[in-house]
Amino acid sequence: MTISSDRLVKAGAVTDTVADNPLPRRRRRGRGRNIVEVTLLTVVAAAMLFPVLWILETSIKENRDVYAVPAKFFDFKVTFAHYKDVFFASDGGASDVSRSFLNSILVAGGSTVLATLFGVPAAWAYSRFPLRAKKDQLFFILSTRFMPPVVIVIPVFLMYRELGLINTHIGLILVYAAFNVSFTIWMMKGFVDEVPAEYEEAAMLDGYTRLQAFRRFTLPLLVPGIAATAVFALIFSWNEFVFAIFLTTSQDVRTAPPAIAGLIGGTTVDWGLVAACAVVFAIPVLVFAFLVRKHLVAGVTLGAVRR
Amino acid sequence: MSSTTTPPAQASAPPPAPGRTTRLGDRKLAVTFISPALLLLLFMSIFPLLWALYLSFTDYSVTRDKPAKFVGLQNYVDILTSSQVHQRTLTTLAYVVGAVLLQTVLGFGIAYLISRRRRGQGVLTTLFLVPMMLSPVVVGLFWKFMFDAQFGVVNSMLGSLGLEPVEWLTRMPNALISLIVVDTWQWTPFIMLIALAGLTAVPNYLYEAASIDRASEWFRFRHITFPLVWPLLLIAVMFRAIEAFRLFDLVYILTNGGPGVSTETLSFHVYKVAFLGFNTGTASAYGILMVLVVLVMAQFYLRYLTKLKEK
């Protein structure tokens, strides 16, 4: 994680020297407190994880057990029928949800590539060069990321209607790329700031141009940062719902979040299927999030807070 | 804003000859590198916003074929004096304050507890982060299922404790509380993560000095831990407040604004005016006002951030 563990051990040791006071009463109180703290943490962890476990469980229950009252926690029959339904329609072809997963991969991947291609060079330029009104430009970039999607989607909808971009992959890719490019610039600027500008200056003294110095010396050092940033952009596009639901209507283009949300539209809801879809949808996100866990603080604050 | 400061791209500019690095070369390079990103933002954010600004002064509606008629500030007057909008503002305020406050207290508390653990930190933080990375759609669906009045697991657990079932999402105050609970479940880890980053960065010599002085635990918390973590925590709080203010998906999935209009936030109301009422002009004015609020909040966010970086 973002915590330097050796430092913590030291901090713990300091606490302990205080607790290991010669006074026995104080020591006993320290141990009691320890138990209380561990119990509290366990309760909180259980509360945090219960919904996730419950959905996992629901996704492998038979319908009869899904709607059982009182709820069945352990004694149910395991079935993977819901997972089969996620991918295959009843006639054996690909289901609508599985198609929406493919759309999601295309849209999330496309917008991430675009945002990275546009964002990384911009971040480098903002980090290296004195520019007019740089602070204002960066604030402008940040503020576009904070715009309420519901507000932006109204004019974007009208614009797309004129341009014929409603119900197209490219339309969604452009919207997500714009949201992600502002994130990429902020996040990557932090990474570029950490690479000393002297490297490039030294390379330029050796006869390289500024551009060559960037490509040969700085860019390789930025690769881990670019990967982490791209993963966050990917997660954002993958999870996005508002633009997806208003800018696409056809099953052929629709991404997974609106497709999954559409499952609860009817009069009867197949919660087993919803749960299985949610699990399939969430697994890649969790895997990716685990890969970038070192950068989570920076990632979730648009690269603003980094430790 | 400052978008005018960048001259158009001169993409065809040849790279300067090796060894000759003039400031002009740097300038061209900077412009070439920044323009594509700014153009994308202009096209996807600024242009739509300007269009919305124009529409906000008209009575335009997507469903009518009539050309838009200029109505001056009428839309803004309507929005600012509408009792419906006032009610939504109160709902949004209750939601933002309730959710962010709860998350901050819980998140900081958990971070404090974790920071005192010597073992299991990595596992604990990783587990806590799961809710935060999930899509609001998935989270909304999870909880809609668990909050179901008939077969929901929450009521089932209440029942086994001998308590009456509760209509979580279909009764007046409950629905808003449920919304706050779900948001808190998802975003407490966020505050926790940032608070933990702050807590672990507190230099040890301060604690050592305090323990030499035999300072009480409360004193150490009050005068060492808290002041050092607070600036970081404030950034997390501002960030969450902006996010909560523009929340839409969770409301849409979980309650759809109901029962009645009791969980309609401003974002949700804009959606109804624009896409169900088709009053595009009014909705645009509404949206512009919301953007102004976000801009003010983002200013504050950035100010705290700059302060933190200067330290």
Exercise for the section: Restrict the search to segment B:220-311; then list the GluC sites (Glu not before Pro) that DSSP places in a loop and that have at most 11 other Cβ atoms within 10 Å of their Cβ. Expected result: none
Completion exercise
Rounded to one decimal in Å, the inverse mean reciprocal Cα-Cα distance for segment B:215-311, i.e. its Kirkwood radius, is 16.1 Å
Completion exercise
Measure of exposure for A:Ile154: accessible area at 1.4 Å probe, Å² rounded to 10, is 10 Å²
Fill in the blank from the handout: Note: B vs A interface, total accessible area buried (1.4 Å probe; ligands, DNA, RNA excluded), nearest 100 Å², is 10700 Å²
Handout entry: chain B, relative contact order in percent, only Cα pairs under 8 angstrom and at least six apart counted
Key = 26 percent
Problem - Ranked by how many other beta carbons lie within 10 Å on average, peptides B:27-37, B:89-99, A:295-305 from highest - result: A:295-305, B:27-37, B:89-99
Exercise for the section: Kindly state, as a whole number, the per residue volume in cubic angstrom of the convex hull around the alpha carbon atoms of chain B. Expected result: 230 Å³
Handout entry: Other protein chain Cβ atoms within 10 Å, averaged over every residue that makes up B:282-288
Key = 3
Fill in the blank from the handout: Partner shielding of B:189-200, as the mean number of partner chain Cβ atoms within 10 Å, equals 5
Exercise for the section: Please work out how much length the chain gains when fully extended from B:Val62 to B:Leu206, using 0.36 nm per residue of separation minus the C-alpha to C-alpha distance, in nm with one decimal. Expected result: 45.6 nm
Practice task
Output the Cα-based Rg and Dmax of the protein assembly as shown in Å, rounding Rg to one decimal and Dmax to a whole number.
Solution key: 26.1, 86
Practice task
Anything in chain B that counts as a DSSP H helix reaching 18 Å or more along its axis (C-alpha) with Kyte-Doolittle mean of at least 0.5? List them, would you?
Solution key: B:23-41, B:83-115, B:172-200, B:226-245, B:280-310
Problem - Computed [θ] at 222 nm, deg cm²/dmol, chain A (DSSP H ≥ 4; -39,500 (n - 2.57); rounded to nearest 500) - result: -23500 deg cm²/dmol
Completion exercise
Note to self: Kirkwood Rh of segment A:121-280, Cα pairs, one decimal, Å, is 18.6 Å
Completion exercise
To the nearest 0.05, the calculated FRET efficiency linking A:Asp75 and A:Ile105 through their beta-carbon distance, R0 being 56 Å, is 0.90
Handout entry: segment A:248-307, accessible area per residue, ligands and nucleic acids excluded (1.4 Å, Å²)
Key = 38 Å²
Fill in the blank from the handout: For the B:Asp26, B:Thr306 Cβ pair and Förster radius 22 Å, calculated FRET efficiency rounded to 0.05 is 0.30
Practice task
Sticking to Cα atoms, compute the Rg of segment B:36-76 to one decimal and its Dmax as the biggest Cα-Cα distance, whole number, in Å.
Solution key: 13.0, 38
Practice task
Report the paramagnetic label zone for A:Leu291: residues of segment A:238-265 whose backbone N is under 19 Å from a point 7 Å from Cα along the Cα-to-Cβ axis.
Solution key: A:238-240
Fill in the blank from the handout: Computed, not fitted: 222 nm per-residue ellipticity of chain B from DSSP H runs ≥ 4 (each -39500 (n - 2.57)), nearest 500, equal to -21000 deg cm²/dmol
Fill in the blank from the handout: In this structure, the FRET efficiency calculated for B:Val77 and B:Thr170 from their beta-carbon separation, with R0 = 41 Å, to the nearest 0.05, is 0.70
Fill in the blank from the handout: Shielding of A:41-54 by other chains, given as the mean Cβ count within 10 Å, works out to 5
Problem - Sorted peptide list for A:251-259, A:128-136, B:173-181, A:181-189, criterion being average Cβ within 10 angstrom, highest first - result: A:181-189, A:251-259, B:173-181, A:128-136
Practice task
Given the peptides A:205-216, B:101-112, arrange them by the average over their residues of other C-beta atoms within 10 Å, most packed first.
Solution key: B:101-112, A:205-216
Completion exercise
Label model pair A:Thr168, B:Tyr54: point-to-point distance (7 angstrom along the Cα→beta-carbon line) in nm is 2.0 nm
Practice task
Would you list which lysines come within 18 Å of B:Lys28, measuring only between C-alpha atoms, while excluding same-chain residues fewer than 8 positions from it?
Solution key: A:Lys134
Exercise for the section: Determine the share of segment B:134-255's accessible area contributed by carbon and sulfur atoms, expressed in whole percent, with a 1.4 angstrom probe. Expected result: 65 percent
Practice task
Using only the Cα atoms of chain A, construct the convex hull and provide its projected area averaged over every direction, in square nanometres to one decimal.
Solution key: 24.9 nm²
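The values are calculated or read from the model by the stated rules, or taken from the named source; none is laboratory data. Since the structure is predicted, the reported quantities are computational estimates derived from the model, not experimental observations. Positions of Cβ are backbone-derived with ideal geometry, glycine not excepted, and every protein chain shown enters the neighbour counts. When the accessible area is computed, the model is the full protein with side chains, heavy atoms only, and any ligands, DNA or RNA have been set aside. Shrake-Rupley method; radii C 1.70, N 1.55, O 1.52, S 1.80 Å.
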